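The values are calculated or read from the model by the stated rules, or taken from the named source; none is laboratory data. Bear in mind the structure is a predicted one, so any value in this text is a computation, not a measurement. FYI the Cβ positions are ideal-geometry reconstructions off the backbone, even for glycines, and counts take in every protein chain you see. Keep in mind that these areas ignore ligands, DNA and RNA; they rest on the heavy atoms of the full protein, side chains included. Shrake-Rupley method; radii C 1.70, N 1.55, O 1.52, S 1.80 Å.
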Amino acid sequence: SAMLGGCRRALPAALGRALRGRAAGQGGRAVSTSWCPVGTAFDAKQQQQQPLRGGAAGRDTGLFGVPELSCPEGFQEAQHKALQESEQLVQKACSTPPGPETVMIFDELSDSLCRVADLADFVKVAHPDFAFREAAEEACRNIGTVVEKLNTDVELCQSLRRLLADETVMSTLDPETRRVAELFMFDFEISGIHLDEEKRKKAVDLNVRILDLCNEFLIGTHIPNKIDKHVLPEHIRYNFTAEGNYLRVAGLHADCPDDLVREAAYKIFLHSNTQQLARLEELLASRNSLAQLVGYDTFAHRALQGTMAKNPETVRQFLEKLSEQLSKRTQKDFEMMTKMKMKLNPHNSMLMPWDHPYYSGVLRAERYNIDPGLYCPFFSLGACMEGLNSLFSQLLGISLYAEQTKRGEIWSEDVRKLAVVHETEGLLGYIYCDFFQRPDKPHQDCHFTVRGGRLKENGEYQLPVVVLMLSLPNSARGTPTLLSPGMMENLFHEMGHAMHSMLGRTRYQHVTGTRCATDFAEVPSILMEYFANDYRVVNQFARHYKTGQPLPKNMVSRLCESKKVCAAADMQLQVFYAVLDQIYHGKHPLKKSTTEILKETQEKVYGLPYVHNTAWQLRFSHLVGYGAKYYSYLMSRAVASMVWKQCFAQNPFDRAMGERYRREMLAHGGAKEPMLMVQGMLQKSPSVEDFVDALVSDLDHDFETFIMDS
């Protein structure tokens with residue numbers, strides 16, 4: 001949508017040192033007295049912080065320091081203010097002559113709505129208080145309705161069109177302003193603004209229906225299936241939750257050593273469901289209708305506008321070439337898994353889809369002895385945060401400080417607020433760390449933009465605010481939180497997104513930080529995984545929390561090498577998901593049912609047999625947020641791999657390279673074409689073949705580790 005195009009994109013020409021330094025008028029800010037070292041704040045989690053009282057009368061400050069949000073009803077007040085502000089800005093946009101001010105007004109309009117919608121997007125899923133979640137949900141719906149109206153406001157669109165049609169004025173605009181103007185127009189057009197009134201109404205109706213179908217489909221992907229308990233052999237029933245005469249199957253039980261349990265879970269959890277099937281078919285057909293209505297051949301063509309890949313043909317080529325390069329390695333992986341299955345279960349040695357995750361894990365553990373329990377004592381949360389702090393300090397001149405929060409500012413007492421401070425430019429923004437499990441909190445690791453950065457009219461910079469959400473276990477009082485290697489890598493990944501948000505300091509919030517093409521947005525986060533797997537980086541912070549002993553080098557090497565076991569088969573599975581996503585969002589009407597397409601694609605691209613009466617696509621939740629873009633994970637990984645090998649593998653602490661990375665890739669958010677940013681960093685334009693080679697070369701084992709372990 002036009003006004004929320006920015007907010008809804010995750011999930012900028014550099015302004016020069018002078019502007020970047022004006023962090024809300026606090027360039028070069030000295031270390032605040034309310035800041036403390038980041039590691040201390042996290043390893044002292046059990047010592048609950050005493051929130052400062054807000055205001056002279058001790059009134060709560062409100063969530064994220066927003067005064068209205070000290071109670072759930074405040075969402076109505078915040079909405080009301082945002083809608084009043086947006087009405088004034090619409091009038092201002094329509095009466096302003098074409099010029100750079102037009103783009104500033106549009107961005108202010110986007111910002112006024114995003115400031116409430118983005119914050120509400122987070123609160124509706126993560127706040128422990130149901131009343132807050134409900135109020136946030138309603139705010140999202142109400143602002144969404146306003147956005148639909150703005151998307152079809154012909155007069156508002158005309159004010160932007162006048163600017164884009166005025167060649168004289170356009171030639172005077174800087175590249176960032178021009179691109180943002182074009183992005184706003186693109187958002188209008190994909191909503192059908194250029195159509196006649198009847199078709200415009202149809203486009204709005206389709207958009208609303210698609211939103212409803214997405215929500216319904218998403219809920220359906222998580223609903224457990226039930227089965228009469230007498231259908232299953234008695235000795236495996238205890239693995240599932242009993243409900244009277246039924247057993248509830250809520251997942252795939254992929255780690256269970258009993259083949260029969262995994263088989264039962266797979267067949268029951270993935271059993272086809274008529275309602276969910278109808279939702280998916282209607283969702284795909286509606287997306288296709290909308291795309292064709294606004295002038296695209298398919299939904300994939302519409303979704304890939306402005307991405308690195310640019311069009312479905314490039315994506316198809318990328319996935320086909322990658323699949324071709326992986327095929328022999330994948331075959332070898334499947335053979336190894338089959339041998340392991342024969343060894344453990346001689347009566348049934350045929351490799352099935354429910355075997356892949358389990359037997360690849362068995363092979364990893366057997367070959368490299370990587371019991372997470374051996375690693376956790378070296379990865380206390382405080383040590384990991386100090387490791388990130390040290391890395392950012394050396395690479396980018398940035399430090400993380402824990403800042404005391406005011407009463408009412410945070411939604412759970414274990415949330416920590418970090419100030420991100422540059423050595424010469426001062427305060428860059430805030431990261432709220434919501435790291436620990438609690439009832440009703442989603443079990444997912446993600447990054448939320450709560451407020452985008454932008455240059456305000458008064459010359460101050462609106463500081464970006466983000467939330468990092470993890471699901472770490474709560475530690476016993478008196479002991480630090482210990483992370484498994486996987487949790488540590490996830491922390492680094494999410495912190496990559498946060499740094500993108502902090503350093504994507506654009507003039508316009510519509511393109512700030514992670515508000516960029518989906519296939520580029522994962523590059524900074526995946527690149528951080530490469531740092532997390534490098535011994536030189538890990539050695540700076542991994543210390544046993546009791547003895548202070550450093551993590552031995554061979555343990556890090558073994559861990560890294562273990563990830564390459566069956567990695568080709570794991571990647572082939574991702575290729576299969578991406579191909580399936582492209583077919584579903586390609587030419588319509590589909591030649592076959594979604595289940596027949598699944599069967600055909602699974603056997604052709606993945607290689608393990610389709611299981612009768614299952615419909616995995618009905619659990620494919622990424623079809624909602626990543627429709628036609630699931631390939632993005634693979635393409636982002638390819639770019640991150642190239643950046644790591646070419647720029648950081650030799651020296652992961654190279655400051656000059658860190659500054660280049662900031663200048664070429666992080667600083668622009670979505671205000672520059674993604675491929676131009678990649679070219680700036682790599683100093684060449686990578687081809688599809690380069691992407692494929694980067695991914696495949698990551699699968700090769702490190703010879704030094706092999707010799708050492710032998």
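Listed values, structure above:
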{"quantity": "Residue 656 being among the hydrophobic types (A, V, I, L, M, F, W, C) and buried (at least 22 other Cβ atoms within 10 Å of the Cβ)", "calculated": "no"}
{"quantity": "Residue match in segment 457-464 (condition: modelled with pLDDT of 95 or more, under 16 Å from residue 122 (Cα atoms) and in contact with a Gly (Cβ under 6 Å, 6 or more places away or on another chain))", "calculated": "yes"}
{"quantity": "Condition met for residue 598 (open to solvent by less than 10 Å² (accessible area, probe 1.4 Å), in a helix (DSSP H, G or I) and in contact with a strand residue (DSSP E or B) (Cβ under 9 Å, 6 or more places away or on another chain))", "calculated": "yes"}
{"quantity": "Number of positions in segment 417-439 that are within 23 Å of the chain's Cα centre (by Cα) and in a strand (DSSP E or B)", "calculated": "13"}
{"quantity": "Qualifying position, being open to solvent by less than 30 Å² (accessible area, probe 1.4 Å) and at pLDDT 95 or above, among 159, 171", "calculated": "159"}
{"quantity": "Residues located in segment 540-569, provided they are touching a Ser or Thr at 6+ places or on another chain (Cβ under 7 Å), closer than 16 Å to residue 327 by Cα and not small (Gly, Ala, Ser)", "calculated": "565, 566"}
{"quantity": "Yes/no for residue 644 being at pLDDT 95 or above, more than 27 Å from residue 499 (Cβ to Cβ) and not basic (Lys, Arg)", "calculated": "no"}
{"quantity": "Pick from segment 292-314, criterion in a helix (DSSP H, G or I) and polar (S, T, N, Q), ranking: farthest from residue 190 (Cα to Cα)", "calculated": "314"}
{"quantity": "Qualifying residue in segment 525-545 (condition: out of contact with any helix residue (DSSP H, G or I) (no Cβ under 9 Å at 6 or more places or on another chain), polar (S, T, N, Q) and crowded, with 22+ Cβ neighbours inside 10 Å)", "calculated": "no"}
{"quantity": "One residue from 559, 608 being part of a helix (DSSP H, G or I) and surrounded by 19 or more Cβ atoms within 10 Å (Cβ to Cβ)", "calculated": "559"}
{"quantity": "Residue in segment 218-229 that is of a type in the set (Asp, Glu) and at pLDDT 95 or above present", "calculated": "yes"}
{"quantity": "Segments classed as strands (runs of 3 or more DSSP E), wholly inside segment 183-291, with at least 1 members that are open to solvent by 60 Å² or more (accessible area, probe 1.4 Å) and within 30 Å of residue 593 (Cα to Cα)", "calculated": "225-228, 246-249"}
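Yes/no per residue for (1) buried (at least 22 other Cβ atoms within 10 Å of the Cβ); (2) at pLDDT below 95; (3) over 24 Å from the mean Cα position of the chain (by Cα):
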position	(1), (2), (3)
350	no, yes, yes
361	no, yes, yes
364	no, yes, yes
368	no, yes, yes
379	yes, no, no
384	yes, no, no
410	no, no, no
415	no, no, no
